[in-house]
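Here's the structure, in structure tokens; my notes come after.
Derivation of every value follows stated rules applied to the coordinates shown; laboratory data play no part. The structure displayed is predicted, hence computed values, not measured ones. With ideal geometry, Cβ positions are generated from the backbone for all residues, glycine too; neighbour counts draw on all protein chains shown.
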Amino acid sequence: MAHLPPNAAIFSPSVARAAASAAKDWSYVDTWLQRKFPSRGPPPFERNADTLRVLLALASANEAADEERALVARLEAETLQQLRAHEEDDDGDTNALQSAREAILTSLETSLTRDGQTALTAMAALALQTHTPLPNPPALGAELISLSTQTATLEQTTARIQTLTTYLAREASATAKLATDLRPPSPHHHPPQEEDDTQSRSSSSKNNSNPEKTGSYHPPPNLALQNLETQRRIKLLSARLPDQRDKVTTLAKSLSSSSSSSPPPSISQIRQEEETYLSLLATKQALDAQVQAFQGLPPDTERARQELEGLRAELRRMTARRDEVFEGLVERETPRKGGGAGAAARRLG
């Protein structure tokens, strides 16, 4: 109905209803377009049913999207408000927990004894020195042992370095002294002239009497003899060296020939030698048992025989004593039949 003029009369009711509905839709679309694009509207030639249908669909989709966006924004705002409230509650809980923790720690610290406070202070200082964030006694003990080990190692190293330094200083002084002794005297060196001739003569006499104190090096007087003796010994040993080498070579050849001529023992030979050794060991044990019976006797034959006879006599005396005791017991138990019992006891003995 957009092609009809605005003042055209409509006589059909259905056409009138369609025109009213289209006018209402165009009013809605115009309002939406004015809200989105102020002072702008569709041109007159675009006002047809297809354009109206497309614009209605677009307006509906846009309003639905606006509603969804508004709903999401409202939900985000509510969520943000709840999060802020929760954070405020958490801050309050955290402050409460912190206050409670500080109160507990303060009460524990105040309830400690003097030794406990000293131990706690030492533990805290050690944790700070070792850079331990969460200290505990085992970890601090291990760290302390490690530090003690490092300290002992460093002390030993320092002692060794000091010893080496002392040795080097002593050797340096000895070397300097030796260099001073070996340094030849300067040809332009003259002793200072003394005004007193007596002192000059006395000093010159002292220098002549002690040549070692003049500053010049004097080799020992027997150095030439020592050199000659050393050269003589070197020549003598050099002359004997080929003979010794020949002896060593001959001995090595003899050892190699003997080792090559004798073949290595076989398993059967080793087993036979082992059996022979075991039989000899058994014989030795038997002989040791026989000799053990004569242990305690003197090495002299006559004295051993005399001691053996004495032991036999002692055995006979003990046997007679045993018989007498046995007869006495029998007679005491059977007094009426003493004679017969005594005879029986003698027969048993």
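Using equal-weight Cα scatterers in the Debye expression, the normalised intensity of the range 19-174 in log10 at q = 0.14, 0.16, 0.20 Å⁻¹ is -0.96, -1.03, -1.22. Net charge of the neighbourhood of Q162, taken over other residues with C-beta under 14 Å away and scored Lys/Arg +1, Asp/Glu -1, is +1. May I ask you to work out the translational diffusion coefficient for the range 13-105 at 10 °C, viscosity 1.306 mPa s, via Stokes-Einstein with Rh from the Kirkwood sum over Cα pairs, reported in whole µm²/s? Once the numbers are plugged in, D ends up at 88 µm²/s.
Near E63: Cβ cut-off under 13 Å, other residues only, Lys/Arg at +1 and Asp/Glu at -1. The net charge is 0.
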